[in-house]
Ligand code: PLP
């Protein structure tokens, strides 16, 4: 556990149990020992074939823990309740969940249901998100806020006004000045009195990766001049009483409470000015930005860490709003936050499998062609070759690699000019291979091939280089013997993971050997990507037509360490992902079946009927590797 720093990034939800497996404590520190869930048992239940009592799901697999979600919501609410009580703040906290972080139906429904006692609401940033928020909130608290952010056209605004007619506590937040004309016009037409918010473009700038849209030149929100024009126009239309909320968002992963307090303080000043100008202000919405400590370093210097916890975050917000409002004698507003990452990141784990690993057996050096090669070399090339041999005799491996590379470059140039033959080029390739493998053998970084698509399942790693904790989920009571990088199934050179938390360029891994079923893994090797519950699922695409993973939802059930799989959804089939790109699997199958009837004769060894049924199965199977095709090192089990 110490090697992978699990206590730093995983607490209070993840630890290692006495079997050396990852244990999930859904209620954090409040978890009783019998409530812990052994992740390997979940993976086994999900992936074992139906014939042996499993669910027969293929990996990769997302394991969701709704109880973790509940704990995150409750912890956020109690952090604010505590700060509000402790500081004598005279209003309350009422959060919303930005559905863009993870729009999965059950995640959103769980949040609405579990958050209803705290009047927890939803934030939408597009028309489909608004539709899903509207229907989910029908079962939530009547006071829950429905915050409408994002670029808006007439259709979006009409929909938000309809939501208000349906008695959902909807606020239209103006992100662009032009939206106001539409709001005034459409609300008159639909005879709805809207509740309006403005998104302020703050001067406070968050300098990390996720803050690139903050500051004066940021993409979103209204400048002070525009806010003043909005106030005038609303006044002129007799609608200034509709302006009730001030919103801002200085970016995700706010690194420190100092920066947070700076931004909240600036926004609170604008809030007080709007009160002075006659708006009926009620809510200050501080946006998202509550960060996650992905590497457990608790550092404000890194994009993947933050230097505070929930309590410190809430205390800084309450204090900054109270300080400004008290000085201006303004009634304390309701504090709303749009925390997404902080609510959903911990609740799911992506489990995948290493299916093979490169081996660093150094081949015997072939002297075939070498003599011939040396004869054909230019003088510089011969000097490289001599230097290489001398360095090898002295055992200076790094220098060998340098000379080998240099020699190879010269040979390629000679080959392009036509002064070197293909056998000589092959001889130099063999020589370089031998040198690099000899060096590799003294410092082996293996490549583990994993049954996963980085593009589909960890898009932020590929797109913005974001790191997530990735570790084996079992055998954690054995010392890993090798270091490895992970290479995915896509045929894209970006489809690899060679950067890990802590700045490491490889991951300590166990040998892919059969363990005789000791850990219950049947000799397989499973890894988990943690803290990826926010953003990753919705961003992922269908690169190489690998669809999404299978999903199980796991809840605590009665009995010691027992759990119940309350929902199991297989990942998309080959047919499903083909359909995403407008192909028609049914027609494709018919075409191939006709071709089989035309060209395959029953005496060819495979009757066309069985050939057609094998094709049909391929359309229905998942695009990932199936469990039977493992590398020879694990096949023994
Ligand atoms: N609100 C708005 C307007 C956002 O743009 C975002 C995401 O960047 C969020 C909330 C969620 O932020 P976070 O996931 O950092 O809580």
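Any read-out appearing in this document is the output of simple, stated calculations on the displayed coordinates, not a laboratory observation. Everything numeric here is computed off the predicted structure, so don't read it as measured data. Neighbour counts are summed over all protein chains in view; Cβ atoms, including those assigned to glycine, are modelled from backbone coordinates with ideal geometry.
Computed quantities for the displayed model
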read-out: R0 of 30 Å, Cβ-Cβ distance residue 616-residue 138: FRET efficiency to nearest 0.05; value: 0.15
read-out: Residue exposure sequence - 170, 31 - by fewest surrounding Cβ within 10 Å; value: 31, 170
read-out: Stretchable slack from residue 587 to residue 219, in nm (0.36 nm times residue separation minus alpha-carbon distance); value: 128.0 nm
read-out: Cβ-Cβ FRET estimate between residue 269 and residue 229, R0 fixed at 22 Å, reported to 0.05; value: 0.75
read-out: From the C-alpha gyration tensor of the chain, square roots of 5λ in Å; value: 53, 31, 27
read-out: Extension gain from residue 544 to residue 416, taking 0.36 nm per residue of separation minus the Cα-Cα distance; value: 42.7 nm
read-out: Extended-chain gain in nm, criterion 0.36 nm per residue less alpha-carbon gap, residue 378 and residue 162; value: 69.7 nm
read-out: CD proxy at 222 nm, helix term only [per DSSP H run n ≥ 4: -39500 (n - 2.57); per residue of the chain; nearest 500]; value: -12000 deg cm²/dmol
read-out: Cβ crowding within 10 Å averaged over residues, with 336-346, 1-11 ranked highest first; value: 336-346, 1-11
read-out: Residues 280, 136 arranged by fewest to most Cβ contacts within 10 Å; value: 280, 136
read-out: Hypothetical label at residue 55: residues of region 553-597 whose amide nitrogen lies under 11 Å (7 Å Cα-Cβ projection); value: 553-555, 564-571
read-out: Debye intensity ratio I(q)/I(0), log10, region 370-442, q values 0.16, 0.21, 0.23 Å⁻¹ (C-alpha model); value: -0.50, -0.83, -0.98
read-out: Considering only the chain, percent of DSSP beta bridges that pair antiparallel, nearest 5; value: 50 percent
read-out: Folded to 0 to 90 degrees: helix 66-86 orientation relative to the chain principal axis, Cα; value: 40 degrees
read-out: Two-site label geometry, residue 409 and residue 131: point separation in nm, points 7 Å out along Cα→Cβ; value: 5.8 nm
read-out: Two-decimal log10 I(q)/I(0) for region 66-343, as the Debye equation yields it once each C-alpha is a single scatterer, q = 0.08, 0.10, 0.17 Å⁻¹; value: -0.29, -0.47, -1.47
read-out: In nm, spacing of pseudo-spin labels at residue 580 and residue 597 (7 Å Cα→C-beta vector); value: 3.3 nm
read-out: Inter-label distance, nm, simple model (7 Å from Cα along the C-beta direction), residue 90/residue 513; value: 7.2 nm
